[in-house]
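Each reported figure results from applying straightforward, stated rules to the coordinates on display, with no laboratory input. Predicted, not measured: the structure shown is a model, and the values here were computed from it.
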Amino acid sequence: MINDKLIQETISQLEKGQVPFRRDVKLSVLSSFKIGGIAPIVVEPENDNQLFEGLEIFKKLDLEYKILGGGSNLLISDHPDDFIVLRLSGEYKNYEMVSEGEFEIGAATNTTPTFRQISQKGYTGAEFLSTIPGWTGGAVIQNAGCYGGELLDLTKRVDFIRNGNIHSKTPSEIEYGYRFTEFLRDKDSIILRLVVNLKPGNFDEIEASLKDKRDRRNSSQPENKKSAGSIFKNPNLKGEDGQQIKSWQLIDQVGLRGEIRGGAQISPEHCNFIVNLGDAKAVDVYDLIQLVLEKVEKQTGIVLEREVEDFGKVP
Ligand SMILES: Cc1cc2nc3c(=O)[nH]c(=O)nc-3n(C[C@H](O)[C@H](O)[C@H](O)COP(=O)(O)OP(=O)(O)OC[C@H]3O[C@@H](n4cnc5c(N)ncnc54)[C@H](O)[C@@H]3O)c2cc1C
């Protein structure tokens with residue numbers, strides 16, 4: 001826990017500068033799981049200058065900070081009180097076309113509407129992103145993807161802060177793969193914005209593709225439930241039928257469909273999802289995750305890897 005003295009010192013430093021911040025923020029409202037305790041301070045820079053100013057204060061006071069995007073891939077601690085939350089805002093919520101088919105997109109833009117709007121301007125290739133929740137910065141971190149597409153494959157450039165300086169990298173300079181990037185592994189960068197490169201397409205075909213992705217999503221996932229999407233990555237293994245083994249199949253096979261701990265349940269509709277039934281705590285979800293890991297390994301020998309990350313200490 002950050003003690004009161006350090007909180008007061010942080011506030012006093014922040015108040016002297018320009019960077020917006022909020023006190024005692026309920027993180028559950030900023031998470032798709034609707035789980036998470038109260039963060040003492042959430043710092044919300046609106047541009048690069050304010051971001052550098054905030055980072056300078058964190059460094060001076062030796063404060064740990066964690067970056068929160070759309071909160072759609074996180075299990076947020078019930079007690080997130082031993083770090084500062086950094087959440088981009090302002091200019092990072094904008095996107096614009098910078099040349100034919102090239103869009104510069106701020107890290108705090110909502111992925112779904114941004115890519116739906118870009119697609120509807122007549123550019124094709126990013127329709128799959130119109131079904132992924134969260135923010136574009138979080139999507140970069142994790143190389144978000146679905147239906148055969150991945151964000152980094154459409155990307156021309158990523159701008160980020162590392163070691164106090166702004167850098168730009170092309171995808172060929174970034175280590176990335178299935179739900180993986182070097183940013184996710186190293187946790188040493190703040191994604192600021194990216195540029196995607198799309199081809200002009202036929203309006204009717206684009207609309208049909210957007211609808212197809214939406215329909216596939218609606219038919220395969222629990223609707224209007226509080227979740228963080230797939231809890232586990234699919235293992236890189238094929239079954240006897242030559243098809244890729246899916247995590248949901250393994251969870252189903254070991255009999256955990258519908259299992260409940262506290263206020264959390266392994267979704268009866270899609271067992272790689274855990275849903276918050278209403279008042280779940282992070283530890284309830286954690287208990288289910290541990291149960292799945294243990295049972296799947298014991299009964300199948302396969303060690304599942306988590307996709308959803310902890311944000312703060314859980315349990
Ligand atoms: C119903 C549902 C369906 C989903 N379906 C899919 C899917 O089909 N495919 C898929 O890939 N994902 C899916 N997800 C997971 C999630 O939507 C994506 O991973 C999303 O891109 C995460 O973005 P976010 O802004 O919510 O990140 P957060 O959850 O806020 O953060 C995730 C990680 O990124 C870091 N981070 C966030 N922003 C930045 C930044 N600007 N700079 C540095 N680090 C940052 C955080 O610190 C954290 O480590 C789904 C989630 C839900 C709830």
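Can you tell me the alpha carbon radius of gyration of the chain divided by the globular rule-of-thumb value 2.2 N^0.38 Å? All intermediate terms of the calculation are to be shown ahead of the outcome.
Working: Rg = 20.2 Å, N = 315, 2.2 N^0.38 = 19.6 Å.
In units of the globular-protein estimate, the chain measures up at 1.03.
Debye sum, Cα scatterers, the stretch 223-315, no solvent: what log₁₀ I/I(0) at q = 0.25 1/Å?
For the requested q values the scattering log ratios are -1.39.
On full extension of the chain, what length is gained from residue 205 through residue 1, given 0.36 nm per residue of separation minus the C-alpha to C-alpha distance?
This chain segment gains 68.1 nm when fully extended.
For the stretch 4-87, build the convex hull from the C-alpha positions and give me its volume per residue in Å³.
About 83 Å³ per residue, rounded to a whole number.
Taking the Cα centre of each part, how many Å lie between the stretch 154-210 and the stretch 121-146?
With the stretch 154-210 and the stretch 121-146 each reduced to a Cα centre, they are spaced 10 Å.
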